[in-house]
Amino acid sequence: MSLLDKVYEFTQADEVRALGHYPYFRIISSEQDTEVIVNGRKMLMMGSNSYLGLTNHPRVKEAAIRAITKYGSGCAGSRFLNGTLDIHIELEAALAKLVGKDASLAFATGYQSNLGAIQSMVNRNEYIVTDKLDHASIIDGCQLSQGKMVRFAHNNLEDLERVLKSIEGKNSLIVVDGIFSMEGDISPVLGICELAEKYGSYVMVDEAHSLGVLHKTGAGAAMDAGCSNRVELIMGTFSKSLASVGGFVAGSYKVIDYMKHKARSLIFSASLPPASAASVLEAVKIMEEEPERIERLWENTNFMMENFKNMGFNTGTSCTPVIPLHVGAIDNAFKMWKMLDEEGVFINPVVPPAVPPNDTLIRTSFMATHTRDQLTEALEKFEKIGKRIGII
Ligand SMILES: Cc1ncc(COP(=O)(O)O)c(C=O)c1O
């Protein structure tokens, strides 16, 4: 057996490419906006995570350009040694304030934020309690830590209590997504905090999809549930509402200071580039100054949800701008993706192993900046294709 055998035995991607159904690594040659250019063709973007539509906001772009002019293109080192800029510190203060914590720490990606937070906080013989549908970066953080991972059924407080009882007396951290990235439902953060307090555990909320979406300030699921002060750690990404790339973890001064000296994905990796730090700072300012963006995001979400439901689509448990259409067998997902693609609608098919084989998804997600005309045009296409495939 050679190291490369597995490489040559991996034929699935080629098989799907041969059928003309390959939906991954599509090449976009425009800004991330409500319309994008893919292979020279204009498409309606119904699958972006730029919930507030800020990635191409003139102020965000100008802030990035100013930062490059002042600081150059990169920091050439890690935060720990030679890569901490004054705008990192300014950004961390703004983010801590946004989510109602004393301090925060910016990482180069959201993925690294979860790795660093979980690895630094949980040691051997301690436990990480995760929702079964938590994001892969949380699972990878568990693997990097020496702790033991135990899972509870999705959004199920009874099952969480069963798990907490089974590890009573042991140190543990409960980690959940604020909004689940595929299902589009919201974690019951308040109930989780109550159980954590009852069993002496701590809570960390990954606000990747809930920042800029939940609470009138965009502060996320913990703030929206009125319990950010009972959550020990709040993690967020810059790659969705905050219009760039990177991530952060917020908490008490003491915890964040500890993390600064223990999180391997922070210490052994180069720091967030200046342009990203400046873009996020500007995006946070715009979010504060223009709360109507969040209102518009919800108007668009409610419009799409209501119409999808009236047409007979199964939107599962979603109640947020992430609206999955449950389309059944994998063939339906690829067919629907292809037909929507031909009609000029960009969506994301979600197939096994991310979901069970007979519960594949067409993941749609909406932005504050979608116009009613764009949404209506897309809905007509969804309906036509849904009927043709026979799922509505
Ligand atoms: C819930 C969740 N957490 C963390 C991440 C990782 O964030 P990033 O892509 O910004 O590295 C993602 C991104 O897809 C996510 O959906």
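The values are calculated or read from the model by the stated rules, or taken from the named source; none is laboratory data. Nothing here was measured: the structure is a model prediction, and the numbers come from that model. Note that each Cβ is placed from the backbone with ideal geometry, even for glycine, and that neighbours are counted across all protein chains shown.
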When you check Ser137 against the structure, is it part of a helix (DSSP H, G or I) and within 16 Å of the ligand (Cβ to nearest atom), yes or no?
yes
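Of the residues that make up the stretch 244-252, is at least one touching a Leu at 6+ places or on another chain (Cβ under 7 Å), within 11 Å of the ligand (Cβ to nearest atom) and not aliphatic (A, V, I, L, M)?
Just the residues of the stretch 244-252 that are touching a Leu at 6+ places or on another chain (Cβ under 7 Å), to begin with: 246, 248-251.
Next, from what is left, pick out any that are within 11 Å of the ligand (Cβ to nearest atom): 246, 248.
Going one step further and asking which of them are not aliphatic (A, V, I, L, M), we end up with 246, 248.
Taking every residue of the stretch 244-252 in turn, at least one turns out to be touching a Leu at 6+ places or on another chain (Cβ under 7 Å), within 11 Å of the ligand (Cβ to nearest atom) and not aliphatic (A, V, I, L, M).
Residues that are closer than 18 Å to Met121 by Cα: which helices (runs of 4 or more DSSP H) entirely in the stretch 203-278 hold 2 or more of them? Spell out the reasoning first.
Numbers: elements: 221-224, 253-262, 264-267.
Output list reads 253-262, 264-267.
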Return yes or no: is Asn39 more than 30 Å from Leu233 (Cβ to Cβ) and touching an Asp or Glu at 6+ places or on another chain (Cβ under 8 Å)?
no
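Given the structure, is Ile267 β-branched (Val, Ile, Thr) and farther than 18 Å from Leu98 by Cα?
yes
Please indicate, with yes or no, whether at least one residue in the stretch 41-49 is of a type in the set (A, V, I, L, M, F, W, C) and closer than 21 Å to Pro273 by Cα.
No, the stretch 41-49 contains no residue that is of a type in the set (A, V, I, L, M, F, W, C) and closer than 21 Å to Pro273 by Cα.
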Qualifying residue in the stretch 183-205 (condition: closer than 30 Å to Pro274 by Cα, buried (at least 17 other Cβ atoms within 10 Å of the Cβ), within 16 Å of the ligand (Cβ to nearest atom) and not basic (Lys, Arg)):
yes
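Looking for whichever is within 16 Å of the ligand (Cβ to nearest atom), among the hydroxyl-bearing types (Ser, Thr, Tyr) and surrounded by fewer than 21 Cβ atoms within 10 Å (Cβ to Cβ) here; the options are Ser271, Ser265, Ser279, Ser239. Which one fits?
Details: Ser271 fails: surrounded by fewer than 21 Cβ atoms within 10 Å (Cβ to Cβ); Ser265 fails: surrounded by fewer than 21 Cβ atoms within 10 Å (Cβ to Cβ); Ser279 fails: surrounded by fewer than 21 Cβ atoms within 10 Å (Cβ to Cβ).
Answer to the check: Ser239.
Given the criteria under 16 Å from Ala94 (Cβ atoms) and more than 16 Å from the ligand (Cβ to nearest atom), does Met223 qualify?
Values: under 16 Å from Ala94 (Cβ atoms): yes; more than 16 Å from the ligand (Cβ to nearest atom): yes.
For Met223, the condition - under 16 Å from Ala94 (Cβ atoms) and more than 16 Å from the ligand (Cβ to nearest atom) - is met.
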Among the residues of the stretch 140-163, how many are over 11 Å from Ile118 (Cα atoms) and in a loop (DSSP other than H, G, I, E, B)?
4
Being without any contact (Cβ under 8 Å) to a residue 24 or more places away in the chain and away from the ligand (no atom under 16 Å from the Cβ) is the filter here; which residues of the stretch 122-134 pass it?
Arg124
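When you look at Val175, is it away from the ligand (no atom under 13 Å from the Cβ), of a type outside the set (S, T, N, Q), at pLDDT 95 or above and in contact with a strand residue (DSSP E or B) (Cβ under 6 Å, 6 or more places away or on another chain), yes or no? I'd like the intermediate steps shown before the answer.
Values: away from the ligand (no atom under 13 Å from the Cβ): no; of a type outside the set (S, T, N, Q): yes; at pLDDT 95 or above: yes; in contact with a strand residue (DSSP E or B) (Cβ under 6 Å, 6 or more places away or on another chain): yes.
Here the answer is no, as Val175 does not meet what is asked.
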Which helices (runs of 4 or more DSSP H) sit wholly inside the stretch 1-96 and have at least 3 residues that are touching a residue at least 12 places away in the same chain (Cβ under 8 Å) and small (Gly, Ala, Ser)?
58-71
Residue set Asn155, Asn114, Asn125; condition farther than 23 Å from Ala219 by Cβ and assigned by TED's automatic domain parsing to the domain that holds Leu214; output residue Asn125
